[in-house]
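Before I ask anything, here is the structure I am working with.
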């Protein structure tokens, strides 16, 4: 594919951000398969989206040959193997056991909201909720809430600016947090007694075609955790 791809729209433009639904409706009529410099290609018709989902042999998930992205940036059979590990943490049974922790977090945050004044739901509640629930799910200490919140904002700004040097610097900072958390749990994991999800990831076995079953590398675990945390915090907040 040529490097000089024509851009059909700018999803970060003020017009698009002001009314995204109207913008998507207009693009569906004008250019149902559109390229944007920031996000690449987008499709706007339900039938086209379904076609992409139903034909992984045509449309690849791989976004980089230099950096792994577990499991979203992989194609089968690698995606299948890592997705099996991913999905075991989000079964109805596991989430049902975690539900009381979620309720406790919500109740605590609501109790802390100021009374008699307006509150920005996303800034004043949603972000804190997502971070608190995430940390509880992973078994991370509460003291990480603030630095991780600040890290997410730095990552957002660097990504929007497309500042590759800053993106790499910020990514390295995140990796440092996660690798420290993994190091603190290696002994329990090696003894077969993981006490939280982060430690359990150290014991999970990935079964890739042509390879002996093995535990995940630190790089793979960090990538998976990045996908859960950075990739999903905005979803949880919403």
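The values are calculated or read from the model by the stated rules, or taken from the named source; none is laboratory data. Predicted model only: the values in this text are computed from it and were never measured. Glycine also receives a Cβ, built like all others from the backbone with ideal geometry; neighbour counts cover every protein chain displayed.
Consider residue 181 against the criteria (1) without any contact (Cβ under 8 Å) to a residue 12 or more places away in the chain; (2) closer than 20 Å to residue 138 by Cβ; (3) in a helix (DSSP H, G or I): it satisfies all of them except one. Which criterion is unmet?
All conditions pass for residue 181, except number (1).
On the given criteria, is residue 13 surrounded by 12 or more Cβ atoms within 10 Å (Cβ to Cβ) and either within 25 Å of residue 159 (Cβ to Cβ) or without any contact (Cβ under 8 Å) to a residue 60 or more places away in the chain (or both)?
Details: surrounded by 12 or more Cβ atoms within 10 Å (Cβ to Cβ): no; either within 25 Å of residue 159 (Cβ to Cβ) or without any contact (Cβ under 8 Å) to a residue 60 or more places away in the chain (or both): yes.
So residue 13 fails the test.
For region 13-36, check the following and say yes or no: at least one residue is under 23 Å from residue 227 (Cβ atoms) and either part of a loop (DSSP other than H, G, I, E, B) or over 23 Å from the mean Cα position of the chain (by Cα) (or both).
First, the residues of region 13-36 that are under 23 Å from residue 227 (Cβ atoms): 36.
Still in the list and also either part of a loop (DSSP other than H, G, I, E, B) or over 23 Å from the mean Cα position of the chain (by Cα) (or both): none.
No, region 13-36 has no match at all.
Select from region 201-225 the residues that are touching a residue at least 24 places away in the same chain (Cβ under 8 Å) and out of contact with any strand residue (DSSP E or B) (no Cβ under 7 Å at 6 or more places or on another chain) and list them in ascending order.
Result: 201, 207, 208, 209, 218, 219, 220, 221, 222, 223, 224, 225.
Restricting attention to region 43-79, which residues are at pLDDT 95 or above and touching a helix residue (DSSP H, G or I) at 6+ places or on another chain (Cβ under 9 Å)?
43, 44, 45, listed by residue number.
From the list 146, 127, 134, pick out the single residue that is under 21 Å from residue 101 (Cα atoms) and over 15 Å from the mean Cα position of the chain (by Cα). Spell out the reasoning first.
On the way: 127 fails: over 15 Å from the mean Cα position of the chain (by Cα); 134 fails: over 15 Å from the mean Cα position of the chain (by Cα).
It is 146.
Considering only region 205-230, state which residues are over 16 Å from residue 74 (Cβ atoms) and part of a loop (DSSP other than H, G, I, E, B).
Of everything in region 205-230, those that are over 16 Å from residue 74 (Cβ atoms) and part of a loop (DSSP other than H, G, I, E, B) turn out to be 212, 213, 230.
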